[in-house]
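Visitor: Got a structure here, written out as structure tokens. Questions coming.
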Amino acid sequence: MKMIYGRYEIVKELGHGTMGVVYQAHDPQIDRMVALKVLRPDRVISQDFVLRFLREAKAIGRISHPNIVTVYDVGQDHGTIYIAMEYLEGRPLNEVIKDKTPPLAETVGICVQVAEALGYAHRQGIIHRDIKPSNIILTPDRRIKLTDFGIARIEDPDAAQQTQVGDILGTPAYMAPEQVMGQKADGRTDLYALGVITYEMAVGKRPFGGGNIAAIFRSITHEQPQNPMNMGNLDNRALADLILKSLSKDPAYRFQTGEAMATALKRCLDTSAHPFPELAMSRQRTRSPKKSRMAIAIFGLCLAGAIIGYTMIRKPTVESTHGDTAVVPVPSSLLNVTSTPGGAHVFVDSIYKGTTPVDIPLVPGRYEVRLNMPDYYEWEAQLEIGEEQPRPLNVRLVSID
């Protein structure tokens, strides 16, 4: 005897999770296959829950985008709720990237599609809240489809905090700091998760991890990710900077829309363009003579105010087990970086060091220091760091407007 939910005839099970089961099912009314998601009966906790589920699922059904799985129908049967969705041929992204790092162009192409789909949904007032590779299907023609869009919120608003043991290295690794701390999620939360996915695809590992969920959450909320340029085989500073921007702890310093992130991703493949035009170097922009003179004057004042001394570089040495002398650099100086306005991203030799104000321990030597911030010109200089500490560097950023 065939199992039927509403008018849908179950063909086979496709997968299951903590909230329910997904089946391949046949819709005899229009003779097509659908993916039918059926909630576990014990998750249907009240009539209010049922009404909210049906209302919000219908709202999601109204969105239409080529990179978002279409919701056809919702209903009740057998004491539970089901959602009929577009049935897809393809593989989830987590399987695609499991054993290999995709080429740069493929990574960027996939992430552009995700960013554009997120931007569209956010404009419709729909937040996913559970962006991860297993919710991104790559079709045979290399298009992506986002699945479970908004359904995580519909099923259970607290689902992100109810992680099961088998999910420890899954969903939590893509959660934004505000989710970990129980704060309100918005579109920038989804874009943070896309930043994690971009990092994983570009370098072959996730930016945050740990042996248990507590360690993962601590890493997400307190640790800075390693610069992707120092990981794997990535050799694209534009993409590395984009990823670090996406992973900012403060949502205000991430991309504010999916469209902005998609545009920046596309520029990463253009070696002649910086992915963030609002942060581009002044030499890459056409500015009026008045603005150019002002920027040069401020640049000179910043360098003068930095008071960076030139001293002899001392490097401690140790004896190796073979009697050879090896140089072991030990940070013995502190670069204290502040900016006006504050909150600028700081990079030292292309390594992200946090946002101003920030104290950076360094071995004496010469370094390339860069500061960038939305709506301001990027600041960059070669600095010689001596052994006296602290060394102040106060940068006044020049507004683009």
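Visitor: Region 116-144 to region 247-268: how many Å between their Cα centroids?
Guide: 15
Visitor: Please report how far the C-alpha centroid of region 100-114 lies from that of region 340-387, rounded to the nearest whole angstrom.
Guide: 29
Visitor: Here's something else I'd like to know. Any idea what the relative contact order of region 63-111 is, in percent, if you count C-alpha pairs under 8 Å spaced at least 6 apart?
Guide: Result for region 63-111 is 22 percent.
Visitor: In square nanometres, what is one fourth of the surface area of the convex hull spanned by the alpha carbons of region 91-275?
Guide: The directionally averaged projection comes out at 10.0 nm².
Visitor: Work out the charge dipole of region 201-259 with +1 on the Cβ of Lys and Arg and -1 on the Cβ of Asp and Glu about the Cα centre, then indicate which of Q224, L239, T257 is farthest towards its positive end.
Guide: Of the options given, the answer is Q224.
Visitor: Sticking with this one: Compute the distance in nm between two label points, each set 7 Å from the Cα along the Cα-to-Cβ direction, one at D250 and one at M33.
Guide: Here the answer is 5.0 nm between the modelled labels.
Visitor: List the relative contact order of region 4-86 as a percent without decimals, with contacts defined as Cα pairs under 8 Å and 6+ residues apart.
Guide: 27
Visitor: Sorting check: for 236-244, 374-382, which peptide has the highest mean count of neighbouring beta carbons within 10 Å, and how do the rest follow?
Guide: 236-244, 374-382
Visitor: Which of the peptides 245-258, 86-99 is most tightly packed, and how do the rest follow, judged by the mean count of other Cβ atoms within 10 Å per residue?
Guide: Taking the mean over residues of other Cβ atoms within 10 Å, the ranking is 245-258, 86-99.
Visitor: Now for a different question. Pop a pseudo-label 7 angstrom from the Cα along the beta-carbon direction at both T221 and R396 and give the gap in nm to one decimal.
Guide: Label-label distance for T221 and R396, simple model: 3.9 nm.
Visitor: For Cα pairs less than 8 Å apart in space and 6+ apart in sequence, what is the mean separation divided by the residue count of region 91-275, i.e. the relative contact order in percent?
Guide: Reported relative contact order: 26 percent.
Taken together, the values in this text are just the output of simple stated rules run on the coordinates, not laboratory data. These numbers come from a predicted model, not from an experiment. All Cβ positions, glycine included, derive from the backbone under ideal geometry; neighbour counts span all protein chains shown.
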